[in-house]
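The next block holds one structure in the form of structure tokens; read it before the comments.
Values quoted throughout were computed directly from the atomic coordinates according to the rules given, and no laboratory measurement underlies them. Every value quoted in this text rests on a predicted model; they were computed, and no experiment measured them. Counting neighbours? That spans all protein chains shown, and the Cβs are built from the backbone with ideal geometry, glycine included.
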Amino acid sequence: MELWTSARRSKVIDVRGVLGVLVLFYTIGVESRKSVKWDYFEYGASSCRAHSASVSDFGGVGDGTTVNTKAFQAAIDHLSQFSSEGGSLLYVPPGRWLTGSFNLTSYFTLYLDKDAVLLGSENESEYPLIEPLPSYGRGRDADGARYSSLIFGKNLTDVVITGANGTIDGQGELWWTKFRAGKLDYTRPYLIEIMFSTDVQISNLTLINSPSWNVHPVYCSNVVVQGLTILAPVKSPNTDGINPDSCTNTRIQDCYIVSGDDCVAVKSGWDEYGISFGMPTKQLVIRRLTCISPTSAVIALGSEMSGGIEDVRAEDITAIDSESGC
């Protein structure tokens with residue numbers, strides 16, 4: 001299996017100061033750029049939660065073989081009752097926790113211990129089918145439905161996915177093989193996808209071997225992605241690092257990304273569907289990243305961007321063996 005470190009580290013582009021993206025892409029319905037105070041946005045979620053539990057309290061077994069999908073969902077469903085009482089935290093202790101897709105709740109923190117590894121199931125039946133994104137109109141790998149991401153959330157407020165640098169391993173090799181062979185009936189799951197949500201934080205984790213995109217906040221506002229290490233073989237298909245999509249007020253910072261595709265891809269919908277949906281990505285700051293992407297971009301604007309992109313600032317980016325800066 002190709003190692004992440006196989007990228008040729010001799011090709012280094014060290015971008016200090018503003019990378020100069022401050023790029024404006026205007027499509028139908030996008031107004032001209034207004035002055036933005038870039039550092040005004042601070043994440044407002046509570047750092048502490050009033051209630052907590054461990055996934056092991058709900059029958060979870062971290063032996064690497066027991067499927068814990070029901071345990072994760074039962075724990076989150078139980079903790080959801082505390083959303084109006086100071087929120088809740090689900091602790092993932094040391095171990096190897098095999099699971100399929102599960103849904104998060106509001107006023108909630110998912111916290112991985114430094115020795116915890118969340119393993120994505122290789123069983124397709126562990127990933128429910130969901131509708132294509134409204135701004136895309138169809139699946140990316142195949143027409144029609146798509147598999148829900150390993151960690152999924154929709155219509156949430158104040159959700160945190162974090163840890164002491166615990167690991168989420170998507171076990172993507174099986175998915176990559178099927179994709180290359182044209183044997184997928186539906187679009188591959190992402191590692192983390194949060195939709196139609198506000199006050200989102202994803203931080204201090206190691207993400208490896210995603211079946212497709214790693215982090216996909218879509219139709220969200222007030223998003224912070226920071227302190228992530230994202231690793232994929234440099235020839236793995238579509239393993240983008242972080243893809244803010246039709247989001248407002250997003251900060252991506254202090255991450256190390258090795259990708260088989262773009263390290264960061266800024267998106268806002270596909271063709272006529274994105275135009276019709278009409279939700280641009282705007283007020284985005286990207287800074288202090290180190291990126292390896294031999295076949296793709298460090299920061300890509302698009303290619304799915306028909307809803308518009310505006311007010312993007314990127315600075316202090318180190319690109320190692322990348323096909324292009326942006």
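Ranking 294, 256, 268 by how far each Cα lies toward the positive end of the dipole of segment 250-295 (charges on Cβ) leaves 256 at the top.
Diagonalising the gyration tensor over the Cα atoms of segment 4-320 and scaling each eigenvalue by 5 before taking the square root yields semi-axes of 29, 22, 20 Å, largest first.
Scalar couplings 3J(HN,Hα) for segment 109-114, obtained by applying the Karplus form with A = 6.51, B = -1.76, C = 1.60 to θ = phi - 60°, are 10, 9, 10, 9, 4, 4 Hz; x denotes Gly and Pro.
Dipole magnitude for segment 192-326: about 280 debye, using +1 per Lys or Arg Cβ and -1 per Asp or Glu Cβ, origin at the Cα centre. Calculated on C-alpha atoms, the gyration radius of segment 207-305 divided by its Kirkwood radius gives an Rg/Rh of 0.96. In this simple spin-label approximation, residue 183 and residue 84 carry label points 7 Å from Cα along the Cα→Cβ vector, and these lie 5.0 nm apart. The ranking of 85, 173 from fewest to most other beta carbons within 10 Å of each one's beta carbon is 85, 173.
Within the set 183/235; 70/183; 70/114; 178/282; 235/267, which residue pairs have Cα atoms separated by over 26 Å? Exceeds cut-off: 70/183; 178/282.
For segment 4-320, the dipole from Cβ point charges (+1 on Lys and Arg, -1 on Asp and Glu) about the Cα centre works out to 720 debye, to the nearest 20. Placing dummy labels 7 Å off each Cα toward the beta-carbon, the span from residue 138 to residue 173 is 3.3 nm. Here the residues 251, 180, ranked from fewest to most Cβ neighbours within 10 Å of their Cβ, fall in the order 180, 251.
Charge tally around residue 212: other residues with Cβ under 11 Å, Lys/Arg +1 each, Asp/Glu -1 each, net -1. Taking a sphere under 14 Å around the Cβ of residue 151 and counting the other residues whose Cβ falls inside, with K and R at +1 and D and E at -1, yields a net charge of -2.
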